[in-house]
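Visitor: Got a structure here, written out as structure tokens. Questions coming.
Read-outs: derived from the displayed coordinates by stated rules, not from any lab. These numbers were taken from a predicted model, which means no experiment stands behind them. With ideal geometry, Cβ positions are generated from the backbone for all residues, glycine too; neighbour counts draw on all protein chains shown.
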Amino acid sequence: MTTPIPGLIVLDLPVHGDSRGWFKENWQRKKMTAEGIDLPDFGPVQNNISFNDAVGTTRGIHAEPWDKYVAVATGRIFGAWVDLREGDTFGAVFTTELDASKAIFVPRGVGNSYQTLEPDTAYTYLVNDHWSPDATYTFLNLADETASVDWPIPLERAEISEKDKSHPRLAEVVPMPPKKMLVTGANGQLGRALRAEYADHPWIDYASRDDLDLTSSGLATARRWRDYGTIINAAAYTKVDAAETPGGRVEAWAANVTAVAALARIATQHGITLVHVSSDYVFDGTKEGAYTETDPVSPLGVYGQTKAAGDAVVSVVPRHYIVRTSWVIGDGANFVRTMASLAERGIDPRVVDDQLGRLTVASDIASSIRQLLDTGLPYGVYNVSATGAATTWADVARDVFKAVGADPARVTGVSTAEYFRDASAPVSPRPSNSELALDKIHAAGVTTRDASTAVAAVLDGGS
């Protein structure tokens, strides 16, 4: 049964009895997290029992920074739950009675309290974090006039601890903040776009490599990871050609696979949602038409191989989004600004015209990631790029020239082979087709700008 408090769920538990007594499955993971049941697979790590001698024993209202699955082992209670989380439902109240035939899932930040209605009542709860003196707790006074809980036994006749009597009224309660979000690679193109998308909130950490080394052996203890609900991994090795060198190959595998595996391990262990940014380079580009999320990967070069390996690692994280994108342009130096500079300096460039794809503005990726997270879309792979017809890099260059008032005919199209023919350093093979199918993301209601407007957006200072 759902309740007025989001995430607070009451469950009926079959109780099997005979002359000897009764038996019930208090928590059965497979059944209780099955399709059609709203109970999350919250990963309990500790089981607690509160035994109460007398009728009228009253405890609460306590909101802890972890989820709880509460049931009565013996006896009967009147329970009251108050939403003490930041948000529109702050202060919402739900009350009901629980006996051995019912249980309730109490999400993080929802205040839990109860009053015993029978002697020798045992109240049990599973929690998905270990108790810590450093954890953030939120409390509400049992007698708060705003919540106005109608206790069956008046509080003046109830057994209440002095500590519980001293809790603040609702107007003085500091709401439980949401779980933290970590954005890695915060100084890169996408990282800066994510900063602009989310701005500065006390519950968002932005980390560069100087702040947090994802390849460090101490990463597992570098943060109190149970305090985090989401990691957006915007860190990556993106030097496509340098990845073909001995040193670059090592760096690419370290950043795109080893670091990703470490984050995946942490996300799995602590129930964190991991958002991972992938690339069109996981494909060989030989397909006719746009690549879908289910097309098999077949990377050509080292960079693409490391990105495909990273995707495979992230795909086993229970809560994951793999955002696959292409031809990213954002704040700072990028292809569009380079072409604009060439046009203004009177330089006529030779630009590849046998690779097909769409530009993707970094701010669109950031916005799409936020929409995925805010709407709680099913976990999995999502293609994200600009919409509209696929074009070549030469076409994009001509659009830039036209936008800055230069003659687009000054751009000469050449093949990839011809462009790199005299290269003195290793060159990575490129997929000739980088077009990504967007049906899945559009069906989910996530939108990005049209490719025809991307150039203008970047030239106007957008990212």
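Visitor: Order of 108-116, 418-426, 252-260 by packing, highest average Cβ count within 10 Å first?
Guide: Details: 108-116: 25.6, 418-426: 11.6, 252-260: 21.9.
Order by mean packing, descending: 108-116, 252-260, 418-426.
Visitor: Next up: Would you calculate the convex hull of the Cα atoms in the stretch 184-250 and tell me its volume per residue in Å³? Intermediate values should be presented prior to the final figure.
Guide: Working: hull volume 6.7 nm³, N = 67.
Taking only Cα atoms, the stretch 184-250 has a hull volume of 100 Å³ per residue.
Visitor: Calculate one ³J(HN,Hα) per residue across the stretch 408-418 by plugging θ = phi - 60° into the Karplus curve 6.51 cos²θ - 1.76 cosθ + 1.60, and present them in order as whole Hz with x for glycine and proline.
Guide: Those phi angles translate into x, 5, 6, 8, 9, x, 9, 6, 4, 4, 5 Hz.
Visitor: Strictly over 29 Å apart at the Cα level, which of K307/K440; K180/K307; K31/K165; K179/K239; K402/K440 would you flag in this model? Intermediate values should be presented prior to the final figure.
Guide: On the way: K307/K440 21 Å; K180/K307 26 Å; K31/K165 39 Å; K179/K239 33 Å; K402/K440 33 Å.
Exceeds cut-off: K31/K165; K179/K239; K402/K440.
Visitor: Ignoring solvent entirely, what values of log10 I(q)/I(0) come out of the Debye formula for the stretch 346-440 at 0.16, 0.17, 0.25 Å⁻¹ when each Cα is a single scatterer?
Guide: Values, matching the q order: -0.83, -0.89, -1.26.
Visitor: Suppose R0 equals 45 Å; then what is the FRET efficiency for M1 and R410 from their Cβ-Cβ distance, rounded to the nearest 0.05? Walk me through the numbers on the way to the answer.
Guide: Values: r = 68 Å, r/R0 = 1.52.
Approximately 0.10, to the nearest 0.05.
Visitor: For the chain, take the longest principal axis of its alpha carbons; what is the angle in degrees between that and the long axis of helix 362-375, to the nearest 10 within 0 to 90?
Guide: Between helix and principal axis, roughly 20 degrees.
Visitor: So, one more: Determine the distance separating the Cα centre of the stretch 329-384 from the Cα centre of the stretch 159-234; give it in Å without decimals.
Guide: That distance is 28 Å.
Visitor: Per residue of the chain, what 222 nm ellipticity follows from adding -39500 (n - 2.57) for every DSSP H run with n ≥ 4, rounded to the nearest 500? Write out the running numbers ahead of the final one.
Guide: Numbers: 12 runs with 104 residues, N = 463.
One gets -6000 deg cm²/dmol as the mean residue ellipticity at 222 nm.
Visitor: Using amide H atoms built in the peptide plane, which far-off residues or other-chain residues are under 5 Å from R108 H to H?
Guide: Residues meeting the criterion, in which the H sits 1.01 Å from N, are D67, K68.
Visitor: Moving on. Take T245 and N48, extend 7 Å from each Cα along the Cα→Cβ direction, and tell me the distance between the two endpoints in nm.
Guide: 5.6 nm
Visitor: A further question on this structure: How far apart, in nanometres, would the label points at R350 and H201 be if each is projected 7 angstrom from Cα along the Cα-to-Cβ direction?
Guide: In this crude label model, R350 to H201 measures out at 5.0 nm.
Visitor: OK, next. Among H62, H276, H16, H270, which comes first, second and so on when ranked by fewest other beta-carbon atoms within 10 Å? Write down the numbers at each step before the final one.
Guide: Details: H62 17, H276 27, H16 9, H270 20.
Exposure proxy ranking, most exposed first: H16, H62, H270, H276.
Visitor: Using the Kirkwood radius over Cα pairs, work out the Stokes-Einstein diffusion coefficient for the chain at 4 °C and 1.567 mPa s, in µm²/s as a whole number. Numbers along the way, then the final one.
Guide: On the way: Rh = 25.3 Å.
Answer, rounded: 51 µm²/s.
Visitor: Find, to one decimal place in angstroms, the Kirkwood hydrodynamic radius of the stretch 295-420, where the mean of 1/r is taken over every pair of different Cα atoms and then inverted.
Guide: Values: mean 1/r = 0.0599 Å⁻¹.
Hydrodynamic radius (Kirkwood, Cα only) of the stretch 295-420 equals 16.7 Å.
Visitor: Additional query: Under the √(5λ) rule applied to the eigenvalues of the Cα gyration tensor, what semi-axes describe the equivalent ellipsoid of the stretch 1-159? Give them in Å, descending.
Guide: Details: eigenvalues 106, 88, 43 Å².
Ellipsoid half-lengths, sorted descending, are 23, 21, 15 Å.
Visitor: Residues of the stretch 183-198 with amide nitrogen under 11 Å from the 7 Å Cα-to-Cβ point of D211?
Guide: Hits in the stretch 183-198 for D211 at 11 Å: 183-188, 192, 195.
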